[in-house]
Amino acid sequence: MGELVYLDHAATTPLDGRVRAAMQPYLDEKYGNPSSMHAAGREARTAVEAARAEVAQLLGARPEEIVFTGSGTEADNLALRGAVACFADPCHVVTSAFEHPAVLETCRHLETRGVEVTYLPIDGEGIVQPQALRAALRPDTRLVSIMAANNVVGTIQPVAELAEIAHRHGALFHTDAVQAVGKMPLDVTRTHIDLLSLSAHKLHGPKGVGALYVRTGVNLEPIVHGGGQEGGLRSATENVAGIVGLGCAARLARDEMGAESARLVGLRDRIETGIAETIDNAYRIGHPYMRLPGHLCYGFSGQEGEAIKLLLALDEAGIAVSSGSACSSHNAGEPSYVLTAMGLDTIRARGSLRVTLGRFTSDDDVDRLLAVLPEAVRSLNPIASHAGFGVRA
Ligand code: PLP
């Protein structure tokens, strides 16, 4: 088997060598605790603050509005649980039915504490429609949380419009932008976004570090108590190397986003054309253009139940893709709640192929995928291909 063709960047991304180089000194000789007053501590503090400024700049935020966390999941928890804890009375929260579990499960937890939650429907193309939000708002709605881009189908949500609707109603607006940050422009000053979660490992940074943007004036209760780091919102000695890595990843994303998105769209279009030319029963899932530049999601009609086999056949050929979300590998084969929320029937919702590209994806990688995929689809279900499905010669 040749080198791995890694096409699962929505699950995680490889560390950029420049990020690794920036982190290295903070794993070795620069090991001070940023809370220490001596020179080693001050050196670590300076690095943490420089990273905070980089993350802020990527989002159009002020550095003091960035809180470092241990993950995107933790940022989501802090946003939702932290905001709800500050509301005096039991309240109503609106989210969407196809959020990542980091938001959905936090909402379910809030429901056990007396919070009422509405899960907005998703349209057939994977978009939360603004009118659905308008219809769901109630006098006691205090918080709306809608993701910026979906992790399974890659569709981009109209967050600026959704945030404006929430604001006009007097509710806070949170967006889980873990998939979107670094891949599309997001500017918190030009929108009404109050809270925004991100995660370093989705933008060629290290795992185990994330951040929450908290608009000045928005009150949150901490969910981790202790020594008062991160303005009291996230106690714990800072993961200095991880934070430095996130800062570097944010700077690279900002500098390279324009050219990189165009490159990824080019690769993605090649894959789409290749699939359309060689696989008759392939259908794209999700909006044709309101989606992340390097994100593709496909179904193969008549063969949806075979999605895991397809994934394993590609894996055998040295190509890493996903059949949905990496977070759901333990319930592989079950209908995807994301696709079900989009209105796909249970058969279609069982089978999808997610191909997600990243900074190091090359033309050769695309060639390898296109050389292997048609045959892998054909091998799944020869009977279906005889019936007119399957692969064009
Ligand atoms: N939100 C979305 C949309 C994601 O895709 C993910 C990761 O897959 C997360 C949250 C969780 O981020 P982390 O892995 O940093 O906890």
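Quick check on my filter: what residues within the range 160-178 are outside any loop (DSSP other than H, G, I, E, B) and away from the ligand (no atom under 13 Å from the Cβ)?
Within the range 160-178, Ala160, Glu161, Leu162, Ala163, Glu164, Ile165, Ala166, His167, Arg168, Leu172, Phe173 meet the criteria.
What's the total number of residues in the range 177-200 that are over 16 Å from Gly294 (Cα atoms) and surrounded by fewer than 24 Cβ atoms within 10 Å (Cβ to Cβ)?
6
Give me the pairs, please: first residue somewhere in the range 57-81 and aromatic (Phe, Trp, Tyr), second residue anywhere and within 12 Å of the ligand (Cβ to nearest atom) and at pLDDT 95 or above, beta-carbon distance under 8 Å, and either six or more positions apart or on two chains.
The qualifying pairs are Phe68/Val209; Phe68/Gly210; Phe68/Ala211; Phe68/Leu246.
Any idea which of Glu260, Glu272, Glu238 is open to solvent by 10 Å² or more (accessible area, probe 1.4 Å) and under 22 Å from Leu186 (Cβ atoms)?
Answer to the check: Glu260.
Which residues, counting only those in the range 235-283, are out of contact with any Gly (no Cβ under 8 Å at 6 or more places or on another chain) and not in a helix (DSSP H, G or I)?
Answer for the range 235-283, where residues must be out of contact with any Gly (no Cβ under 8 Å at 6 or more places or on another chain) and not in a helix (DSSP H, G or I): just Glu238.
Picking from Arg108, Arg142, which residue would you name as being of a type in the set (Lys, Arg), outside any loop (DSSP other than H, G, I, E, B) and crowded, with 21+ Cβ neighbours inside 10 Å?
When all the criteria are applied, what remains is Arg142.
I'd like the full set of residues that are within 16 Å of the ligand (Cβ to nearest atom) and touching a Leu at 6+ places or on another chain (Cβ under 6 Å), limited to the range 83-119.
Going through the range 83-119, the residues within 16 Å of the ligand (Cβ to nearest atom) turn out to be 95-109, 119.
Scanning the range 83-119 gives Ser96, Thr106.
Could you check the range 179-199 and list, in sequence order, the residues that are in a loop (DSSP other than H, G, I, E, B) and within 11 Å of the ligand (Cβ to nearest atom)?
Gln179, Ala180 - these are the residues of the range 179-199 that are in a loop (DSSP other than H, G, I, E, B) and within 11 Å of the ligand (Cβ to nearest atom).
Confirm whether Ile223 is assigned to a loop (DSSP other than H, G, I, E, B), of a type in the set (A, V, I, L, M), at pLDDT 95 or above and more than 23 Å from Val128 (Cβ to Cβ).
Against the criterion (assigned to a loop (DSSP other than H, G, I, E, B), of a type in the set (A, V, I, L, M), at pLDDT 95 or above and more than 23 Å from Val128 (Cβ to Cβ)), Ile223 qualifies.
For the range 111-125, enumerate the residues that are open to solvent by 20 Å² or more (accessible area, probe 1.4 Å), within 23 Å of Gln157 (Cα to Cα) and not in a strand (DSSP E or B).
The answer is Pro121, Asp123, Gly124, Glu125.
Hey, Gln57 hits all of (1) closer than 20 Å to Phe173 by Cβ; (2) away from the ligand (no atom under 16 Å from the Cβ) but one; which does it fall short on?
That leaves (1) as the condition not met.
Looking at Gly228, is it assigned to a loop (DSSP other than H, G, I, E, B) and either open to solvent by 30 Å² or more (accessible area, probe 1.4 Å) or within 24 Å of Cys91 (Cα to Cα) (or both)?
yes
For the range 206-229, name all the residues that are in contact with a Ser or Thr (Cβ under 8 Å, 6 or more places away or on another chain) and farther than 17 Å from Arg81 by Cα.
Residues satisfying the conditions are Lys207, Gly208, Val209, Gly226, Gly227, Gly228, Gln229.
Could you check the range 323-349 and list, in sequence order, the residues that are at pLDDT 85 or above, open to solvent by 60 Å² or more (accessible area, probe 1.4 Å) and more than 10 Å from Val152 (Cβ to Cβ)?
Within the range 323-349, Thr340, Gly343, Asp345, Thr346, Ile347, Arg348 qualify.
Scan Ala160, Ala136, Ala148 and give me the residue that is aliphatic (A, V, I, L, M) and open to solvent by less than 10 Å² (accessible area, probe 1.4 Å). Please lay out each step first, then the result.
Details: Ala160 fails: open to solvent by less than 10 Å² (accessible area, probe 1.4 Å); Ala136 fails: open to solvent by less than 10 Å² (accessible area, probe 1.4 Å).
It is Ala148.
Can you name every one of the helices (runs of 4 or more DSSP H) wholly within the range 1-93 that holds 1 or more residues which are surrounded by 20 or more Cβ atoms within 10 Å (Cβ to Cβ) and over 26 Å from the mean Cα position of the chain (by Cα)?
17-27, 39-59
The values are calculated or read from the model by the stated rules, or taken from the named source; none is laboratory data. As the structure is a prediction and not an experimental result, all values here were calculated from the model. Ideal geometry is used to build each Cβ from the backbone, glycine not excepted, and the neighbour counts take in all protein chains shown. These accessible areas exclude ligands, DNA and RNA; they are computed on the full protein's heavy atoms, side chains included. Shrake-Rupley method; radii C 1.70, N 1.55, O 1.52, S 1.80 Å.
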